[in-house]
Number of protein chains: 2
Amino acid sequence: MTKQIRFNAFEMNCVAHQSPGLWRHPRDRSWQYKDIEYWTDLAQILEKGIFDGIFIADVLGTYDVFHGDNRHALQGAVQVPVNDPLQLAPAMAAVTKHLGFGITTSISFEHPYPFARRITTLDHLTKGRAGWNIVTSYLSSGAKNIGQDDQVSHDDRYDIADEYLEVLYKLWQGSWQDDAVVRDRESGIFTHADKVFPIEHEGKYFKVPGIHISEPSPQRTPVLYQAGASSRGKNFAAKHAECIFISVPSKVLLKRFVDDTRQRLQAEGRDPNSVYIYTLATIITGATDQEAQDKLKEYQKYASHDGALTLVSGWSGVDFAQFGKDDRIQYIKTNAIQSLLESYSTADPSRSWTVDEVAEWTSIGGNGPVFVGSAATIADVLQEWVEETGVDGFNLAYAVAHETFSDVVEYVVPELQKRGVYPQAYREGTLRHKLFGQGDHLSAPHVGASYKR
Amino acid sequence: MTKQIRFNAFEMNCVAHQSPGLWRHPRDRSWQYKDIEYWTDLAQILEKGIFDGIFIADVLGTYDVFHGDNRHALQGAVQVPVNDPLQLAPAMAAVTKHLGFGITTSISFEHPYPFARRITTLDHLTKGRAGWNIVTSYLSSGAKNIGQDDQVSHDDRYDIADEYLEVLYKLWQGSWQDDAVVRDRESGIFTHADKVFPIEHEGKYFKVPGIHISEPSPQRTPVLYQAGASSRGKNFAAKHAECIFISVPSKVLLKRFVDDTRQRLQAEGRDPNSVYIYTLATIITGATDQEAQDKLKEYQKYASHDGALTLVSGWSGVDFAQFGKDDRIQYIKTNAIQSLLESYSTADPSRSWTVDEVAEWTSIGGNGPVFVGSAATIADVLQEWVEETGVDGFNLAYAVAHETFSDVVEYVVPELQKRGVYPQAYREGTLRHKLFGQGDHLSAPHVGASYKR
């Protein structure tokens, strides 16, 4: 059987998420991110296209590495201003039935006890369509604003994250038995008190004696997303994640990542194919190849190189303003330790990239590739990527909101369906069941399953 | 001119909020609190009735004083399970245009930096209809679950709260100038970076150097609600609140509270009538007095005395299980310092209350009065309360969801409108402007107004 292709939408509660400058395009709607209608319209487009979900990224800091301050980020609206992602989901849930919601929140910013309730609430309100993208840190400009002089060390963060997850599993999985809530009008018993258990957690970082304050939601634990790129992050993902997001510019790197991830899953005792990997991409399409190419050219007129370098500087921690636009990445690489820079230079091992080329690459769709062409051309490329790398799907960014997503739904989805490599309809049930067809709850050997009574 | 009457709805993301046991009533919908439709239906009922807003209470702990544990709370669904209030507002905003949202959150559970963004986001998504009910603490069973062995002292809490508000005012009011965001497509300037200011806050409890991460929302600062009952709490309210909620069983106590509050406002240099005071009440109405009385009798069959005493024990900190049902409050009062108990005994100074009478009183509509009768009867009572106490409006609880609110909208609102004492329509604009008609933002002499550049 030909491998199926899955789509996910990549968004953020801000302007021109992965395509800095494109808010200047006359048809772009991303400057309307503050309005509820922007999100309810988008949710309906995505559900029409049978997208697995919408993944809402987040930062709680500004990109202040480029030129050493946040001026360029503010001026170009490079992921600032940015609003809370969580509150978008209930509004989108009110106008859809199937779309999943992958909400990003950092474990650094809220205690697991109130956080557990937030996510349980989201899962109730969406009737089991909640996903959580686990982030262990934000930009250091964000950490400073919650009174931390600098971020805790990288590995410590993952130790804290492991215990944070342990507390959550105890609350979500273990505190209430399935049959605790009976709502028995005759006896007046709403909940059997002896089927609700205090979790009595006493760990290194957290102390939570009590019961989960919410009754179990359809999925109990939300679908767990992760996007860790470091080695420690990858092990964390191999242990906890059910869906993994990656952003790389090439098939070479993607295949390396997919293989590595499957191996780590196996090492954790999990089926290596039980986790979906979605890779970042942007699709620009139209009725013909020519129309799509023309669209790309038109979009590029609005793309911002400064905005792109603001992002790249923030991601890498290296101020790209210090280099000339023709300087080559290899040179920069010797000064930097970040995997991001390596990824550019190894995207095509035979090629070296100038700073200007990096800026151009990043200015539409961030670090991922841009696929341009008619539905047939795009379908060929997507199938090639899937076949050659073993990836499960694509985390699609937009160039112009919501045109990019509408075009994908109008052109590409029907072509993929025709080829038998894309779902014809959603599966009924919770997000987890829609994705994996194995029921609503975490199941063994996932570590979270063992916490259920 | 006859004084106008305002309505607000009192809800909580749980079962049978102020009427323990009423979830057993066959027409009650409150057990559907987990569903988005429960809330969108309610929002539309309230907006039809031109309610100022919906005030969503919250606790993040269980009522565990009665009999010394949380068994009775769990069994009777006495405000447990309880879900996050914040996420209800975006869904309700999607189906309404005018209704305000008063969301309860405690300053104990989230750092002001991410919290500021949550509320700004809510104000954007609701197009300026966000309100925040400022709570300084939860039940001690909640504090334990975020790793605090006991709650910080009462007065310290208000010192922290004052600084918390200071950080918020700096972020909401002072960080972005009104003309910072220009979204100029020609120049590529979305935000004038020199019109966005880091707040550089260094206080006793918080250190926040950076800018607010969100652009200004329609109201900048949400409408500020408070329900403090202690002397320190009342001073805090007199300084910050724009709407104040109180729950007392009688006119005598209400008048005392209203007079005291107006005096404290004056002492703070504010117009004593610039703050709306809403008092808790439950209205049971129908086509005739008889129909309303029959409805009450029918409701009472489902009310739970144990549930009521679970609430009263939690509110007062005194375990009512130790007393006989005929014991009198005066006796109890000598053992308790809580104002709640005093309030029962002074509701009618000539009367003393048995524990059983307290339970009956509390079992429908909590600590507030229950008004029963036809629209004309209710209107008479409401007008009498307003005239004799100087209160501005009523924070209406429900006995049976959503029947209680539907009945008020169907019977009482038109009667009040006929008498010229209730709005015929909403004022256009933000929640603050709808309420006070003085614009979208805090204005002098409110302390928050001074933080705006």
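The values are calculated or read from the model by the stated rules, or taken from the named source; none is laboratory data. Because the structure is predicted, anything quoted here is derived from the model rather than measured. Every residue, glycine as well, gets a Cβ built from its backbone with ideal geometry; the counts of neighbours run over all protein chains shown. Surface accessibility is based on the protein's heavy atoms, side chains included, excluding ligands, DNA and RNA. Shrake-Rupley method; radii C 1.70, N 1.55, O 1.52, S 1.80 Å.
Being in contact (Cβ under 8 Å) with a residue 12 or more places away in the chain, part of a loop (DSSP other than H, G, I, E, B) and crowded, with 24+ Cβ neighbours inside 10 Å: is that true of B:Val80 here? Taking the combined requirement at face value, the residue satisfies it.
Filtered by the rule that a residue be open to solvent by less than 10 Å² (accessible area, probe 1.4 Å), outside any loop (DSSP other than H, G, I, E, B) and among the hydroxyl-bearing types (Ser, Thr, Tyr), the stretch A:31-53 gives a lone residue, A:Tyr38. With respect to the conditions (1) more than 21 Å from B:Arg270 (Cβ to Cβ); (2) open to solvent by 40 Å² or more (accessible area, probe 1.4 Å); (3) touching an Asp or Glu at 6+ places or on another chain (Cβ under 7 Å); (4) not basic (Lys, Arg), B:His402 falls short on a single one, namely (2). Here A:Asp179 clears all of (1) among the acidic types (Asp, Glu); (2) in contact with a helix residue (DSSP H, G or I) (Cβ under 7 Å, 6 or more places away or on another chain); (3) within 9 Å of chain B (Cβ to nearest Cβ) except the condition numbered (3).
Taken together, B:Ala57, B:Ala43 contain a single residue that is of a type in the set (Gly, Ala, Ser), more than 9 Å from every other protein chain (Cβ to nearest Cβ) and in contact with a Pro (Cβ under 8 Å, 6 or more places away or on another chain), which is B:Ala57. Looking only at the stretch B:240-254, residues that are modelled with pLDDT under 95 and assigned to a helix (DSSP H, G or I) come to 4 in all. Residues in the stretch B:130-140 that are within 21 Å of A:Ala116 (Cβ to Cβ) and among the hydroxyl-bearing types (Ser, Thr, Tyr) were compared, and the one that is surrounded by the fewest Cβ atoms within 10 Å (Cβ to Cβ) is B:Ser140. With the condition kept exactly as written, say whether any residue in the stretch A:265-272 is open to solvent by less than 40 Å² (accessible area, probe 1.4 Å), in contact (Cβ under 8 Å) with a residue 24 or more places away in the chain and of a type in the set (D, E, K, R). Yes, the stretch A:265-272 has at least one match. Out of the residues in the stretch A:203-221 that are in contact with an Asp or Glu (Cβ under 7 Å, 6 or more places away or on another chain) and open to solvent by less than 20 Å² (accessible area, probe 1.4 Å), which is nearest to B:Gly61 (Cα to Cα)? Among residues in the stretch A:203-221 that are in contact with an Asp or Glu (Cβ under 7 Å, 6 or more places away or on another chain) and open to solvent by less than 20 Å² (accessible area, probe 1.4 Å), the one nearest to B:Gly61 (Cα to Cα) is A:Ser217. Being within 18 Å of the chain's Cα centre (by Cα), in a helix (DSSP H, G or I) and among the hydrophobic types (A, V, I, L, M, F, W, C) holds for only one residue in B:Leu86, B:Leu122, B:Leu74, and it is B:Leu122. Within the stretch A:92-113, being within 7 Å of chain B (Cβ to nearest Cβ), crowded, with 24+ Cβ neighbours inside 10 Å and of a type in the set (A, V, I, L, M) holds for one residue alone: A:Ala93.
Listed here are the residues, each with its yes/no results for (1) at pLDDT 95 or above; (2) assigned to a strand (DSSP E or B).
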site	(1), (2)
B:Pro198	yes, no
B:His212	yes, no
B:Leu224	yes, yes
B:Ala229	no, no
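Which residues, taken from the stretch B:91-119, are among the polar types (S, T, N, Q) and assigned to a loop (DSSP other than H, G, I, E, B)? If the condition is that a residue be among the polar types (S, T, N, Q) and assigned to a loop (DSSP other than H, G, I, E, B), then B:Thr96, B:Ser108 are the ones that fit. Here B:Gly368 meets the list (1) open to solvent by less than 80 Å² (accessible area, probe 1.4 Å); (2) within 16 Å of B:Leu253 (Cα to Cα); (3) at pLDDT below 90; (4) in a loop (DSSP other than H, G, I, E, B) almost entirely, failing just condition (3). Looking only at the stretch B:156-184, filter to residues that are β-branched (Val, Ile, Thr) and under 36 Å from the mean Cα position of the chain (by Cα); which one of those is least open to solvent (accessible area, probe 1.4 Å)? Result: B:Val167. Selection of the stretch B:23-54 for residues being among the hydrophobic types (A, V, I, L, M, F, W, C) and touching a strand residue (DSSP E or B) at 6+ places or on another chain (Cβ under 8 Å) yields B:Trp23, B:Trp31, B:Leu42, B:Ala43, B:Leu46, B:Ile50, B:Phe51, B:Ile54. Residues considered: A:Val318, A:Val358. Of these, the only one that is among the β-branched types (Val, Ile, Thr), in a loop (DSSP other than H, G, I, E, B) and either modelled with pLDDT under 70 or closer than 18 Å to A:Phe66 by Cα (or both) is A:Val318. Cβ separations smaller than 9 Å between residues 6+ apart or across chains give the following pairs from the stretch A:425-445 residues that are more than 12 Å from A:Arg220 (Cα to Cα) to residues that are open to solvent by 70 Å² or more (accessible area, probe 1.4 Å) and not in a loop (DSSP other than H, G, I, E, B): A:Ala444/A:Ser450. Does A:Asp327 satisfy being open to solvent by 20 Å² or more (accessible area, probe 1.4 Å) and either at pLDDT 90 or above or within 16 Å of A:Arg256 (Cβ to Cβ) (or both)? Criteria not met by A:Asp327. State which residue is surrounded by the fewest Cβ atoms within 10 Å (Cβ to Cβ) when the search covers only the stretch B:418-435 and only residues that are under 22 Å from B:Leu125 (Cβ atoms) and out of contact with any strand residue (DSSP E or B) (no Cβ under 6 Å at 6 or more places or on another chain). So the residue we want is B:Glu428.
Selection of the stretch B:1-30 for residues being touching a residue at least 24 places away in the same chain (Cβ under 8 Å), open to solvent by 10 Å² or more (accessible area, probe 1.4 Å) and within 11 Å of chain A (Cβ to nearest Cβ) yields only B:Arg24. If I filter the stretch A:185-202 down to residues being surrounded by 16 or more Cβ atoms within 10 Å (Cβ to Cβ) and among the small types (Gly, Ala, Ser), which single residue comes out as nearest to the other protein chains (Cβ to nearest Cβ)? So, considering only residues that are surrounded by 16 or more Cβ atoms within 10 Å (Cβ to Cβ) and among the small types (Gly, Ala, Ser), the one nearest to the other protein chains (Cβ to nearest Cβ) is A:Ala193.
Taking A:Ser350, is it in a loop (DSSP other than H, G, I, E, B), modelled with pLDDT under 95, open to solvent by 10 Å² or more (accessible area, probe 1.4 Å) and under 30 Å from A:Arg232 (Cα atoms)? Considered against the rule, which asks whether it is in a loop (DSSP other than H, G, I, E, B), modelled with pLDDT under 95, open to solvent by 10 Å² or more (accessible area, probe 1.4 Å) and under 30 Å from A:Arg232 (Cα atoms), A:Ser350 comes out as yes. Evaluate the following for A:Arg118: is it out of contact with any helix residue (DSSP H, G or I) (no Cβ under 9 Å at 6 or more places or on another chain), at the interface with another protein chain (Cβ under 8 Å from one of its Cβ atoms) and of a type outside the set (S, T, N, Q)? Taking the combined requirement at face value, the residue satisfies it.
The set of residues from the stretch B:203-224 being more than 9 Å from every other protein chain (Cβ to nearest Cβ) and charged (D, E, K, R) comprises B:Lys204, B:Arg220.
The condition of being closer than 27 Å to B:Ser304 by Cα, at the interface with another protein chain (Cβ under 8 Å from one of its Cβ atoms), open to solvent by 10 Å² or more (accessible area, probe 1.4 Å) and assigned to a loop (DSSP other than H, G, I, E, B) does not hold for B:Lys127.
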